[in-house]
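Visitor: Here you go, one structure.
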Amino acid sequence: MFTITGTTGDTVYYSGAATGKKVLVDGEATVTVSSPAVGTVKLNLDKVTNTNSCVNPLTGVSDSVTVNALPDDADLDADSPICFGEDAVFTITGTTGDTVYYSGAATGKKVLVDGEATVTVSSPAVGTVKLNLDKVTNTNSCVNPLTGVSDSVTVNALPDDADLEADLLFVLVKMLCSQSLVLPAILFTIQVLPQGKRYSLMVKLPLPFPVLLSELLS
């Protein structure tokens, strides 16, 4: 948009990016060039006429507007699925130096370094974690609105806790008299189930002290 200033009531003729004339109201008028291409837009003032139809030719009265390019679109990617307790990590890619604004599971902005930036959502709940990219701005302060640029991470529940149950240790003890010994003796045949291991132990009688089965097995 160009603003022309001068004397109220005068008519200013212009050319260049637009061609026409404007009557100055309260000493000014504006000329709008709609959606010009990237580059330089130049407007020239050619002459001014007044209510007496007198003409004042103008030379070298011009101004320019620089039209910068919009930032490139940004993309979003995420590693999915994850397990509960892990972080959800989103990776934004685009043009180095651009700033990307995001919302959803997290809200903020990231400046792209080497063309990317990451957004981490720490330990999200079981379910779906979604991040949206809203807009991109560049170093010229141009804004590129983004629509429909999003990605999601599925957070799976951990397995249920496991219960530990032990089978009872069954010990079968067979007591046999040994005739080959002068002193009475007991031959213990010990079978541990369900492992199926067998142990044999010869104990002469009488024992000088009480013996526990756990000691005999140790």
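Visitor: Could you check the spin-label model distance between S64 and V113? Points 7 Å from the Cα along Cα→Cβ, value in nm.
Guide: So the two model labels end up 3.6 nm from each other.
Visitor: Return the long-range amide H neighbours of I4 (sequence gap of 5 or more, or a different chain), with a cut-off of under 5 Å between placed amide H atoms.
Guide: So I4 has HN proximity to A29, T30, V31.
Visitor: Fewest to most neighbouring Cβ within 10 Å: what's the order for L70, L133? Display every interim value, and only then the final one.
Guide: Details: L70 14, L133 25.
Placing the least packed residue first, the sequence is L70, L133.
Visitor: Within a 10 angstrom radius of the beta carbon, how do Y13, Y102 rank from fewest other beta carbons to most? Intermediate results must be reported in sequence, preceding the final value.
Guide: Numbers: Y13 17, Y102 24.
Fewest-to-most ranking of Y13, Y102: Y13, Y102.
Visitor: Could you go through the stretch 84-90 in sequence order and give the Karplus-derived ³J(HN,Hα) for each residue, using 6.51 cos²θ - 1.76 cosθ + 1.60 with θ = phi - 60°, rounded to whole Hz, and x for Gly and Pro?
Guide: 3J(HN,Hα) across the stretch 84-90, in whole Hz: 4, x, 8, 8, 8, 10, 10.
Visitor: Quick check: residue separation of D75 and K47 times 0.36 nm, minus the Cα distance between them. What number comes out in nm?
Guide: Full extension from D75 to K47 adds 5.0 nm.
Visitor: With a cut-off of at most 14 other beta carbons within 10 Å, and DSSP calling the residue loop, which chymotrypsin sites (Phe, Trp or Tyr not before Pro) in the stretch 39-101 qualify? Please list them.
Guide: On the way: sites: F84, F90, Y101; in loops: F84.
Of the chymotrypsin sites (Phe, Trp or Tyr not before Pro), the ones in loops of the stretch 39-101 whose Cβ has at most 14 other Cβ atoms within 10 Å are F84.
Any read-out appearing in this document is the output of simple, stated calculations on the displayed coordinates, not a laboratory observation. Note that the structure is predicted; figures quoted are calculated from it, not measured. Cβ: placed from backbone, ideal geometry, glycine included. Neighbour counts: every protein chain shown.
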